[in-house]
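What follows is a set of notes on a single structure, which appears directly below.
Since every read-out is calculated from the coordinates, none of them should be taken as a lab result. Bear in mind that the values here come from a model prediction, so they are computed numbers and not experimental data. Every residue, glycine among them, receives a Cβ derived from its backbone with ideal geometry; neighbour counts consider all protein chains shown.
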Amino acid sequence: MRVVDVKNLTFSYDGGKTLLSDISFYVSAGEVFVIAGLSGCGKTTLCRIICGIIPHAVKGNISGEISVMGVDPADVSLPQASLSAGMVFQDEDSQIVCTTVEDELAFGLENHCVPSDEIRSRVDELLTEFGLSELKLENPSKLSGGQKKLLNIASVLALSPPVLILDEPFSGLDEEGRILVREAIERQRNLGRAVMIVEHDLKQAAFADRWLLLHDGVIAINDTPSVILERENLLKELNLRP
């Protein structure tokens, strides 16, 4: 089942040059899908369009067709769009708003007016799933980088979006933190959730089902890691190293 379907997407920020040009791809349920490329190629912008941050919070000029669970995120409110595709930002501190771990997990649910007993149940589930139970009363500022990243992922998943978008989730983490995040991603894949990952280090994304490589706002290739790794000359042209 296709949960994200993008056809002939072209985008520019107001007053700026075209950043994405004629982009077409899809993402299926239960798939880990990586968008890779050098800085400035449009990776994060593409994900912000898919989750509705663009055009609701950041303006720009969009043409083409974008469908997330059958709906264009531009046609619904940002809170509604977050129920279909939730995004975790690269800077783990920028997404944390509460003073305890359990309050952070409850924040999105409270804003969507979920009944209190359901909030308690869902928060407890997430604390257990992400290994945060012993830290539930801790201030998130005291957590390690890996724990903060897990908390951000869990907070977005509190609303159970079928699409999870992660912007460079391994950046700045030590090996232990990277392992924890990778395990969390693989759990979501096993649950049938689509996981989209923005990444520039292909070594961190070897476990993905597909890689889409962007270059100067266009798709250079969209295929399995094994096929792309055979294209050594292409990777060299794109200044990407496996």
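Return the percentage of antiparallel bridges among DSSP beta bridges fully within region 126-242, rounded to the nearest 5 %. Before the final figure, lay out the partial values.
On the way: 5 of 10 bridges.
Roughly 50 percent of the beta bridges in region 126-242 run antiparallel, per DSSP.
Amide H contacts for C41 (H built 1.01 Å from N in the peptide plane; partners 5 or more residues away or on another chain; cut-off under 5 Å): none found.
Across region 2-237, Cα pairs under 8 Å and at least six residues apart give a relative contact order of 28 percent. In region 157-242, Cα pairs under 8 Å separated by at least six residues give a relative contact order of 25 percent. Evaluating 6.51 cos²θ - 1.76 cosθ + 1.60 at θ = phi - 60° for every residue in region 195-209, the Karplus couplings come out as 10, 9, 10, 8, 8, 10, 9, 5, 4, 6, 10, 5, 7, 6, 7 Hz, glycine and proline recorded as x. Comparing A208, A154, A57 in a Gaussian network model of the chain, where Cα atoms under 10 Å apart are tied by springs, the biggest mean-square fluctuation is seen for A57. V198's amide H: which non-local residues (gap 5+, or another chain) put their own amide H closer than 5 Å, with H modeled 1.01 Å from N in plane and none for Pro or chain starts? Answer set, sorted by chain and number: I35, L166, D167, E168.
Using 0.36 nm per residue, how much length does the chain from D22 to V114 gain when fully extended, once their Cα-Cα distance is taken away? Intermediate values should be presented prior to the final figure.
Details: separation 92, 0.36 × 92 = 33.12 nm, distance 3.92 nm.
That pair, D22 and V114, stretches by 29.2 nm at full extension.
Beta bridges assigned by DSSP with both partners in region 2-237 are antiparallel in approximately 55 percent of cases. Computed from Cα positions, the angle between helix 101-111 and the longest principal axis of the chain comes to roughly 70 degrees. Here the gap between R2 and D91, fully extended at 0.36 nm per residue and compared with their Cα-Cα distance, gives a gain of 29.2 nm.
If the only charges are +1 at each Lys and Arg Cβ and -1 at each Asp and Glu Cβ, what is the size of the charge dipole of region 2-237 around the Cα centre, to the nearest 20 debye? Please list the in-between numbers first.
On the way: 21 positive and 36 negative charges, 88 e Å.
The calculated dipole for region 2-237 is roughly 420 debye.
Legend: translational diffusion of region 135-208 by Stokes-Einstein, Rh = Kirkwood radius over C-alpha pairs, 20 °C, 1.002 mPa s; D = 167 µm²/s. 3J(HN,Hα) couplings calculated from phi for region 152-159 with the Karplus curve 6.51 cos²θ - 1.76 cosθ + 1.60 (θ = phi - 60°) are, in sequence order, 5, 5, 4, 5, 5, 6, 4, 8 Hz; Gly and Pro show x.
In this structure the amide hydrogen of V3, modeled in the peptide plane, comes within under 5 Å of the amide hydrogens of V27, S28, A29, none closer than 5 places in sequence on its chain.
Greater than 24 Å separation of Cα atoms is the criterion. Which listed pairs, K7/K43; K59/K203; K17/K149, meet it?
Working: K7/K43 16 Å; K59/K203 33 Å; K17/K149 33 Å.
Violating the 24 Å Cα-Cα cut-off are K59/K203; K17/K149.
For the chain, find the longest principal axis of its Cα atoms and tell me its angle to the long axis of helix 116-129, 0 to 90°, nearest 10. Value to nearest ten degrees: 70.
Summary of the geometry: region 14-33 and region 113-187, compared by the centres of their Cα atoms, lie 26 Å apart.
Which entry is the computed semi-axes √(5λ) of the Cα gyration tensor in Å for this structure: (i) 29, 21, 16; (ii) 25, 22, 19; (iii) 25, 23, 16? After the calculation, the listed value that fits is (i). In order along region 172-182, the phi-based Karplus estimate (6.51 cos²θ - 1.76 cosθ + 1.60, θ = phi - 60°) of 3J(HN,Hα) comes to x, 9, 7, 4, 4, x, 5, 5, 4, 5, 4 Hz; Gly and Pro are listed as x.
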